[in-house]
1. Can you tell me which residues in segment 26-53 are surrounded by fewer than 18 Cβ atoms within 10 Å (Cβ to Cβ) and of a type in the set (A, V, I, L, M)?
2. Kindly check whether there is at least one residue in segment 81-90 that is among the small types (Gly, Ala, Ser) and loosely packed, with under 14 Cβ neighbours inside 10 Å.
3. Against the condition of a type in the set (A, V, I, L, M, F, W, C) and more than 30 Å from Leu70 (Cα to Cα), how does Val192 come out, does it pass?
4. Give me the pairs: first residue in segment 140-168 and of a type in the set (D, E, K, R), second residue assigned to a loop (DSSP other than H, G, I, E, B) and surrounded by 16 or more Cβ atoms within 10 Å (Cβ to Cβ), beta-carbon distance under 8 Å, and six or more apart or on different chains, which are they?
5. In segment 54-74, which residue that is crowded, with 18+ Cβ neighbours inside 10 Å and touching a His at 6+ places or on another chain (Cβ under 8 Å) is farthest from Ala178 (Cα to Cα)?
6. Output the number of residues of segment 34-88 satisfying the condition of being of a type in the set (Val, Ile, Thr), under 26 Å from Thr185 (Cβ atoms) and either at pLDDT 95 or above or in contact with an Asp or Glu (Cβ under 7 Å, 6 or more places away or on another chain) (or both).
7. Mind listing just one residue for me: the one in segment 225-247 that is assigned to a loop (DSSP other than H, G, I, E, B) and not hydrophobic (A, V, I, L, M, F, W, C) and, of those, nearest to Tyr205 (Cα to Cα)?
Amino acid sequence: MRYGITGASGQLGREVATLLLEVVDAADVVLTTRNPNALAEFAGRGVDLRVADFEDLPSLTRAFDGIDSLLLISTDRVGDRVAGHLAAIDAAANAGVGHLVYTSVPNPVEDNPALPAPDHLATEKALQERGFAWTSLRNNLYSELQVPSLVHAAASGTLVVNSGEGRAAYVTRGDCAAAAVGALTARGERNVAYDISGPQALSAYDLAELAGAHVEVVQVDDAEFVAALIDSGLPEHAANLIASFGVATRQGYLAEVTTAVHDLTGRQPTPLDQLIRSAPQH
């Protein structure tokens, strides 16, 4: 079996590659990226590095040649990535890939207000229609992304949110990477969507308690939240993206807690409070 990872120079891709190399031979691993120089350390271990450009179908077909199980990591071009994803799916089919694993989001349905949801809905639909075995990993919000805001909340005494009473089942990037390795190496089932969650669904009030007993939750509407994020230095597109996940949390799209991490890895997911305690800046 040969295993492939797209976008391998990104944070998730690197973590998946590192964990994959713990369970399979380096000669059986193919890492694809636009910039192979960024993965030089893996080449030194005997991994096959290949150039792959989602805007160049022939390059994708060459990059995926000989791969049996491929992890397609969704790109970061929210709202402008479906064509690239579909090209990668077509290339995987052309190259004879037998199993494609895709990183998605919880509840990629039409009513989900999270801005990335339509991209994932379209990609999952194409994946399921293509005829080969597939697995969708619907990763919840990364726990690591909550740490800076909780550190800030601890310093300021307030946690400003637009998530209302909603909850999210935050999951670490490491657990998502481990789940991806499990799916790639056939630990899980085929033609199944897994909701990759942490062990608990937490509200803003739970987050405030983790940040410190003195932290107050300040609920604002969506427009105020976007404005506050922009005032803090974020670009407008990033502020709108974050706010959309707040709306999705408020409406219950991120609250489901599952056993998927254990099912795919054999280990329990990492609680957010454990991650916060281990964060060097906290």
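The values are calculated or read from the model by the stated rules, or taken from the named source; none is laboratory data. These figures come from a predicted structure and were not determined experimentally. Cβ placement follows ideal geometry from the backbone for every residue including glycine, while neighbour counts extend to all protein chains displayed.
1. Matches in segment 26-53: Ala26, Ala27, Ala38, Ala40, Ala43, Val51.
2. Yes, the conditions are met somewhere in segment 81-90.
3. no
4. Matching pairs, first to second residue: Glu144/Thr172; Arg167/Ala201; Arg167/Leu254; Arg167/Ala255.
5. Only one residue fits best here, namely Phe54.
6. 3
7. Selected residue: Ser232.
Condition check ((1) β-branched (Val, Ile, Thr); (2) surrounded by fewer than 21 Cβ atoms within 10 Å (Cβ to Cβ); (3) without any contact (Cβ under 8 Å) to a residue 24 or more places away in the chain; (4) within 23 Å of Pro118 (Cβ to Cβ)) across all residues:
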{"position": "Gly188", "(1), (2), (3), (4)": "no, yes, no, no"}
{"position": "Val218", "(1), (2), (3), (4)": "yes, yes, no, no"}
{"position": "Ala227", "(1), (2), (3), (4)": "no, yes, yes, no"}
{"position": "Leu234", "(1), (2), (3), (4)": "no, yes, yes, yes"}
{"position": "Ile242", "(1), (2), (3), (4)": "yes, yes, yes, yes"}
